[in-house]
Amino acid sequence: MCGIVGYIGASQAAPILLDGLGKLEYRGYDSAGIAVYDGKKIQVKKAIGRLKVLSELTHDGATMPGTLGVGHTRWATHGAPSDLNAHPHYNKEETIAVVHNGIIENYLKLRKKLTEKGYEFRSETDTEVVAHLLDYYYKGDPLEAITKVMHRVEGSYALGILFREHPDRLYAARKDSPLIVGQGKDGNLIASDVPAVLKYTREVYFIRNEETAVLTTDGIAFYNMDGEEIVKNSTTIEWDLNAAEKGGYEHFMLKEMYEQPKTVQDTLKPRVKENTIEIEELSMTEEEIRSISRIHIVACGSAYHTGITAKYVFEGLARIPVEVDLASEFRYRNPILEEDALVLIVSQSGETADSLAALREAKGRGVKTLGIVNVVGSSIAREADKVMYTWAGPEIAVATTKAYSAQLIAQYLLALKFAQVRGRLTAEETAAMLGDLKKLPGQIEMLLANKERIQKFANRYIAAKDVFFIGRGIDYAISLEGSLKLKEISYIHSEAYAAGELKHGTISLIEEGTLVAAVVTQKDLYKKSMSNIVEVRTRGAFVLAVTNVDNTEMEKAADYVIYIPQTNPYFTNSLAIIPLQLFSYYVSVGKGCDVDKPRNLAKSVTVE
Ligand code: M6R
């Protein structure tokens, strides 16, 4: 996720671009850049770090004359954060400048072809291929060149483009990445999101997939992929700026929960080709995969919970023994690390001090390490031998939701890959499981659509003192995360227990009306879990059950049932966690807590 802006009009462009980027910094903030055209030269300034570095460099834009320009705030995907990888990117003669949000999936192939034709690349980004491809196709008609590029590139993009030969035109194109056009009084704008234009206008047009836009100071025209003009109506934005930054959602956490279908899709799609799994960044030979003797998953908090789920998946599918450690424990417990072990460090931020220290410990002992990381170029991403990115984009809310979902997907894919290479899954079985994975985004959407029902239920529990989450196997891992979500944002005491363990002590805490959330998604454990539900109910508990759609027996066993759609039992976490996230969220909102910034917590824990 990155943010792009563009302006053409009567005012100086650079301050408007910087102001717009400031509203989009939540979309990425590892570097920023602007390109401004004064009719003679397209001047480009970029800087690694937060936007304020670029603002200082350009004296808030004052040093860049010109009334036409594009800008970008970056969340690195291809190539670490650096001045070179920052956008805008341009062709060799610096006559075409491009800003891009999205991922060009076939960029390696295109890069190779362009290199063979003599193009030289300055950055490691996927975006730079767009600049050179535009150069390749440009024969005087920008729209024609842009359309040709759109036919060649695969993946997602929102593009803002300047052509030196067209000083009175700003070009834009879109597929699968958001892009709007704002119609201002003294000029027109493009942006990844509404907040960037609200200061100048409330009249916006939404560009749809595979459409282009051409903006002049006083005109806006839209075209389809055949170059035919299309007519659009503008929408008047009623939200205030604060709501607009959150895409109209009340909190970042809610917005991020709603981004989960896309996050799952983005983490999955580049690694699934037809019915096979290709994890390029893993770069392990089949022989190396076959020789893995043990996997150690090391992480903190929610990332650790994904590791507990993954243990069941790796062991069940690939039959590789797995140990899961809290990073803060791993580093001091003198773990036994076999020569052929693989250490997975899972981290959204890539900066968690304990996880980083655990990584260094493993590396120091000569064991292979693989980071599953969200922030490109972060410490863990840089230091791990290999890194597999989760494509969740920036996560602002302290309580993780979408990054957690992406971490699960990354580990499912690894487990499937390992299982297939080690001869534990046939091609047909792999294809069927991939089919289930591909359905997850749609199923998550369905669960999110049920939010009102969960909100009503949550409102009954805003005064709760203790809540227990129980489950067996993968359901226990889901319970751990459900419980953490609730306590971190609602400050209600909550514990997760392996359902069979409750009677060894904790059950003494159950009294009349205590809420017990039971997660029951593992068919082979239905009966056992139902017995545990009976145990707590007879002691007065009110039982909320999250179970599979076919387990209608649950209506008799529990007091309140939430169903999740059918999927492979190894993947139920990705679905069952959604109502639990919503429950925590609405309890927190009902109590009036600071949902996005709960007390005592930080997004990235960089101290021991
Ligand atoms: O950035 P990381 O994934 O390494 O962070 C790990 C934990 O600090 C994090 O998951 C934390 O538990 C979240 N607040 C949970 O919502």
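The values are calculated or read from the model by the stated rules, or taken from the named source; none is laboratory data. These numbers come from a predicted model, not from an experiment. With ideal geometry, Cβ positions are generated from the backbone for all residues, glycine too; neighbour counts draw on all protein chains shown. Heavy atoms of the whole protein, side chains included, go into the accessibility calculation; ligands, DNA and RNA do not. Shrake-Rupley method; radii C 1.70, N 1.55, O 1.52, S 1.80 Å.
Contact order, relative form, for the chain: 11 percent (alpha carbon pairs under 8 Å, 6 or more residues apart, mean separation divided by residue count).
Gyration tensor over the Cα atoms of the chain: the corresponding equivalent ellipsoid has semi-axes (square roots of 5 times the eigenvalues, largest first) of 45, 28, 22 Å. The antiparallel fraction among DSSP beta bridges confined to the chain stands at about 60%. Taking all protein chains as shown and a probe of 1.4 angstrom, Lys386 keeps an accessible surface of around 70 Å². Taking every protein chain into account, the 1.4 Å probe leaves Glu287 with about 120 Å² of accessible area, to the nearest ten. Classification of region 308-460 by its C-alpha gyration tensor yields an oblate form. The axis ratio a/c (a ≥ b ≥ c) is 1.5 or more, and b/c is at least a/b. Going by a ≥ b ≥ c, the root eigenvalues of the Cα gyration tensor, does region 149-217 fall in the rounded group (a/c under 1.5), the prolate group (a/b larger than b/c) or the oblate group? Oblate, because a/c is 1.5 or more while a/b does not exceed b/c.
With a Förster radius of 22 Å, plug the Cβ-Cβ distance of Glu203 and Glu445 into 1/(1 + (r/R0)^6) and report the FRET value to the nearest 0.05.
0.15
Each of Tyr249 and Asp550 was given a label point 7 Å from its Cα along the Cα-to-Cβ line. The distance between the two points is 3.2 nm. Membrane-span-like helices in the chain, defined purely by DSSP H runs whose alpha carbon atoms cover 20 Å or more axially and whose average Kyte-Doolittle hydropathy reaches 0.0, are 402-421, 427-448, 474-490, 573-591.
Reported to the nearest whole Å, the Cα centre-to-centre distance from region 157-174 to region 181-215 is 13.
Stretched out fully, how many nm does the piece from Ala10 to Arg365 gain, at 0.36 nm a residue minus the Cα gap?
Roughly 121.6 nm would be gained on extension.
Take the alpha-carbon centre of region 60-124, take the same for region 314-370, and report the distance between them in whole Å. For region 60-124 versus region 314-370, the Cα centre distance is 36 Å. Solvent-accessible surface (1.4 Å probe) assigned to His251 amounts to roughly 30 Å². Taking 20 Å as the cut-off, the amide N atoms of region 577-605 that come nearer than this to a point 7 Å along the Cα-to-beta-carbon line of Asn459 belong to 579-595.
Taking each of Lys112/Lys273; Lys45/Lys92; Lys232/Lys273 in turn, the alpha-carbon distance tops 25 angstrom for Lys232/Lys273.
Centroid-to-centroid, using Cα positions, region 485-550 and region 384-426 are 28 Å apart. Is the shape of region 29-122 rounded, prolate or oblate, going by the alpha carbon gyration tensor and its root eigenvalues a ≥ b ≥ c, with a/c under 1.5 for rounded and a/b larger than b/c for prolate? Verdict is oblate for region 29-122. The candidates Cys300, Cys2, arranged from most to least accessible area with a 1.4 Å probe in the full protein assembly, appear as Cys300, Cys2. The label point for Thr285 and the one for Asp226, both projected 7 Å from the Cα toward the Cβ, are 5.3 nm apart. The lysine pair tally for region 477-608, using Cα distances under 18 Å and a gap of 8 or more places or different chains, is 11.
How do Arg422, Arg208 rank by accessible surface area computed with a 1.4 Å probe, from largest to smallest?
Details: Arg422 65, Arg208 160 Å².
Most to least solvent-accessible, the answer reads Arg208, Arg422.
Of the residues Val421, Val231, Val516, ranked by 1.4 Å probe accessible area with the largest first, the sequence reads Val231, Val421, Val516.
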